[in-house]
Amino acid sequence: MKVEHANIFIMSAVHVFRKELGIRLSRESLSRKDSPLPSMPISIVLGITGAMRGQVVYSMDTSFAYNITKVMIPNKLPMERKQFVNSAVGEIGNMVTGQASIQLAGQNQRIHLTPPAVFTGQGLKVDFLEVPTVCLRLLSEMGILEINIGLLDGEGM
Amino acid sequence: MKTGIIVDDAAIMRLRLREILEPDFSVVGEAGNGDEAVRLCGELTPDFITLDISMPQTNGIEALKQIQENYPEVRVIMVSAVGQKRLVIDALQYGAVDFVIKPFDSDRVLQAVHRVFG
């Protein structure tokens, strides 16, 4: 996992949150760990194959997820909005990873993303890959976004 | 009024795309994966579809190939976060008429569909 990959994800997250949600993100911390195990109650997991392989796991508090949904569909009533929360945060994870994949793939590589899987609640039982992972924490006025990036070079790299 | 189908595995994006398109076009169906998209093209014979790439089961590129083979009259506009240069070229070579990268401006989507019908 190269440090420049982390920078690509930071730039992608900042771009997507600003353009899609009007939310400003700033970097709080960067640390290393052994797997992309998330630390907050809502997690969005995307698998990556092709020119790179691994997992990217986003994590946030429930209130942040609700606020993201509210910004994305402001005209819906709160009860209607509730059913779109997983879809909203999954799509944001997809957009950030997709945006990062544009930079990571460059001119000639292809990077494939799995559709996002969204998990809610603590005590998550998911088999995360054991790969060197960079954990980014980005701050906003609505809450903290954690991005766990566990990526290895894949075919053709 | 031209008819369209929205294909995206995220329900919230189907909702938003419908809100963007419906004043000008008639959205006659929605699908959450590529297989369903191909089936609906046969059943509903739309004038256009907006097609995501990263979806469960059959992805958007595979669905695009099948739609072009079986229903070449349907105009396909890709709407995806995965706007890698190589994948954009693949999609255009397989017959897509435009590629809109998420996150998008509403006007960009609307213009892409209007442009298809001159």
(message) What's the total number of residues in the range B:38-50 that are out of contact with any Phe, Trp or Tyr (no Cβ under 7 Å at 6 or more places or on another chain) and either within 14 Å of chain A (Cβ to nearest Cβ) or not hydrophobic (A, V, I, L, M, F, W, C) (or both)?
(response) 6
(request) Take the range B:84-102 and flag every residue that is polar (S, T, N, Q) and part of a loop (DSSP other than H, G, I, E, B). (result) B:Gln84
(message) I'd like to verify a number: residues in the range B:65-83 that are more than 14 Å from B:Pro103 (Cα to Cα), touching a helix residue (DSSP H, G or I) at 6+ places or on another chain (Cβ under 6 Å) and either at the interface with chain A (Cβ under 10 Å from one of its Cβ atoms) or assigned to a helix (DSSP H, G or I) (or both), how many?
(response) 2
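Yes/no matrix, rows are residues, columns are (1) assigned to a helix (DSSP H, G or I); (2) at pLDDT below 95:
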{"position": "A:Met11", "(1), (2)": "yes, no"}
{"position": "A:Val16", "(1), (2)": "yes, no"}
{"position": "A:Pro38", "(1), (2)": "no, yes"}
{"position": "A:Ile44", "(1), (2)": "no, no"}
(request) Please give the number of the condition B:Val109 fails out of (1) surrounded by 20 or more Cβ atoms within 10 Å (Cβ to Cβ); (2) touching a residue at least 60 places away in the same chain (Cβ under 8 Å); (3) more than 30 Å from A:Lys70 (Cβ to Cβ); (4) not hydroxyl-bearing (Ser, Thr, Tyr). (result) (3)
(request) Tell me, please, whether a residue that is surrounded by 15 or more Cβ atoms within 10 Å (Cβ to Cβ), small (Gly, Ala, Ser) and in contact (Cβ under 8 Å) with a residue 40 or more places away in the chain can be found in the range B:79-88. (result) no
(request) Go through (1) surrounded by 15 or more Cβ atoms within 10 Å (Cβ to Cβ); (2) modelled with pLDDT of 95 or more and name the single condition A:Met52 misses. (result) (2)
(request) Report, by residue number, each residue of the range B:1-22 that is closer than 23 Å to A:Glu91 by Cβ, not small (Gly, Ala, Ser) and not in a helix (DSSP H, G or I). (result) B:Ile5, B:Ile6, B:Val7, B:Asp8, B:Asp9, B:Glu22
(message) Could you tell me how many of the residues in the range A:62-81 are under 20 Å from B:Pro103 (Cα atoms) and of a type outside the set (Lys, Arg)?
(response) 11
(message) Return the residues of the range B:84-118 that are in contact with a helix residue (DSSP H, G or I) (Cβ under 8 Å, 6 or more places away or on another chain) and among the charged types (D, E, K, R); say none if nothing qualifies.
(response) B:Lys85, B:Arg86, B:Asp90, B:Asp98, B:Lys102
(request) Please go through the range A:73-89 and pick out each residue that is surrounded by 24 or more Cβ atoms within 10 Å (Cβ to Cβ) and at the interface with another protein chain (Cβ under 9 Å from one of its Cβ atoms). (result) A:Ala88
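The values are calculated or read from the model by the stated rules, or taken from the named source; none is laboratory data. Since the model is a prediction, treat every value here as computed from it, not as a measurement. Cβ: placed from backbone, ideal geometry, glycine included. Neighbour counts: every protein chain shown.
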